[in-house]
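Asks: If you scroll down you'll find the structure; I have some questions about it.
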Amino acid sequence: MTRPALLVTIDTEGDNLWSRPRVVTTRNSEYLPRFQALCEKYGLKPTYLTNWEMVHSPAFREFGRDLLARRTGEIGMHLHAWNSPPLAPLTSDDDYYHPFLIDYPENQMREKVKALTSALEDTFGVTMASHRAGRWSFNETYARILVDQGYRVDCSVTPHVSWASILGNPAGKGGTDFSRFPDTAYFVDLNDIRRPGDSPLLELPVTIVPPSYPGVLEAARTLLAHYRFGARVAGRLFPFCLWLRPTRSNRKALLHILAIARQEQRPYIEFMLHSSELMPGGSPAFPSRESIEALYDDLEALFSTAQDVFEGHTLRDYYGRLAPHQTGIGGKI
């Protein structure tokens, strides 16, 4: 019997982008071998979803080529529109506002995807198959562009979570509302990415477990989350969803998600982290060496608990498992 999959995804990007630096550095590349070694210890094969500055980092290039040569992971694409060429200013200060790719006109979206895809493929000598949108911003236009560029897997959907209150371009419409999206794998309807369809693009939503509230409270939480001020109120009144993502203080929640996945017999779970979160000072969540050691303690607990039930797959490999069973329109996996 096929075991459920543990998909490890790493948003592979510059150092501490939360601080909105004017000059982006990539020192976190040097901290990836330790994480990779831990994954290999437990038979996991991470997918490193890589952006523009990292594909040009000599340390990451060396790391990625070795990873691919040993077949111990995958390189995919992760696009930050504000510093991924071709560059064309969209706001008064793109380095500050970090506009979403979906804030740009379609022709610029397409050129940015094409440029980063070419850079990744030229650097690593493999065809790109997997993708995650920068800042979780995704729509139908973006999905069609990915299909046109040959991508087969997307993992941008954060089920039960809305980013509508978060702005990229201050004159834009905000981020994507994923609160009513499926929380399991499905082939995307390119005319409505909330729905299963018959396209070749497989959506693998991040594993996020919603809190359980009585009906009236859940309705109030969902309503508030659709508005910028309301989202802040909702965050204070109601606990956030549980992500399969370490935060330095959520080991019990991570293990609880594993238990839920086993109980519900989920065919996969999807872990995510940023590459910069593996470096001291690379993110607000992990500012010190001590916090990084605490992170690795949590990762050991998570991966060791998961190893007897789940098996490691890259996103590309998991697509290969599901694609032969695509059922056409309306077919969830």
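Quick note: the coordinates plus some simple rules give every number you see, no bench work behind them. All values reported here derive from a predicted model rather than from experimental measurement. As a convention, Cβ positions derive from the backbone with ideal geometry for all residues, glycine included, and neighbour counts pool all protein chains shown.
Asks: Using unit Cβ charges (K, R positive; D, E negative) and no other charged atoms, how large, in debye to the nearest 20, is the dipole of the range 49-193 about its Cα centre?
Replies: Computed about the Cα centre, the dipole is about 300 debye.
Asks: Rank 254, 79, 315 by mean-square fluctuation in a GNM of the chain with C-alpha springs under 10 angstrom and give only the top-ranked residue.
Replies: 254
Asks: Which entries in 41/252; 173/252; 45/114; 112/252; 45/252; 112/173 show an alpha-carbon gap greater than 30 Å?
Replies: Table pairs above 30 Å Cα-Cα are 173/252; 112/252.
Asks: First select every other residue whose beta carbon is under 11 angstrom from the beta carbon of residue 15; then total the charges, Lys and Arg +1, Asp and Glu -1.
Replies: It works out to a net charge of -3.
Asks: In whole Å and largest first, what semi-axes does the C-alpha gyration tensor of the chain yield when each eigenvalue is scaled by 5 and square-rooted?
Replies: 25, 25, 23
Asks: For the range 164-210, what value does the Rg/Rh ratio take when both radii are computed over Cα atoms and Rh is the Kirkwood radius, given to two decimals?
Replies: 1.05
Asks: Sticking with this one: With +1 on each Lys and Arg Cβ and -1 on each Asp and Glu Cβ, how big is the dipole of the chain about its Cα centre, in debye rounded to the nearest 20?
Replies: 520 debye
Asks: Can you put 39, 155 in order of Cβ neighbours within 10 angstrom, beginning with the fewest?
Replies: 39, 155
Asks: Further, regarding this structure: Within 10 Å of each candidate Cβ there may be at most 16 other Cβ atoms; applying that plus a DSSP loop requirement, which trypsin sites (Lys or Arg not before Pro) in the range 2-36 survive?
Replies: 22
Asks: Another question, if that's okay. Taking the chain as a Gaussian network, Cα atoms linked when under 10 Å apart, which of 38, 202, 116 shows the biggest mean-square fluctuation?
Replies: Maximum fluctuation in the GNM of the chain, among the listed residues, is at 38.
Asks: I'd like to know which of 265, 100, 172 lies farthest towards the positive end of the charge dipole of the chain, counting +1 on Cβ of Lys and Arg and -1 on Cβ of Asp and Glu.
Replies: Highest projection toward the positive end goes to 265.
Asks: Give me the one-decimal nm value for the distance between modelled label points at residue 195 and residue 107, 7 Å along each residue's Cα-to-Cβ direction.
Replies: With each label placed 7 Å out from Cα toward Cβ, I get 3.1 nm.
Asks: Now a separate question. What ranking of 8, 157 emerges when the number of other C-beta atoms within 10 Å of each C-beta is taken as an exposure proxy, fewest first?
Replies: Least crowded to most crowded, the residues run 157, 8.
Asks: I need the Kirkwood Rh of the range 60-102: take the reciprocal of the average 1/r across all distinct C-alpha pairs and report it in angstrom.
Replies: Radius from the Kirkwood sum: 12.6 Å.
Asks: Let me ask something additional. Each residue of the range 196-209 in order: what ³J(HN,Hα) in whole Hz does its phi give by Karplus 6.51 cos²θ - 1.76 cosθ + 1.60, θ = phi - 60°, with x for Gly and Pro?
Replies: So the Karplus estimates, Gly and Pro as x, are x, x, 10, 6, x, 8, 8, 9, 10, x, 4, 6, 9, 9 Hz.
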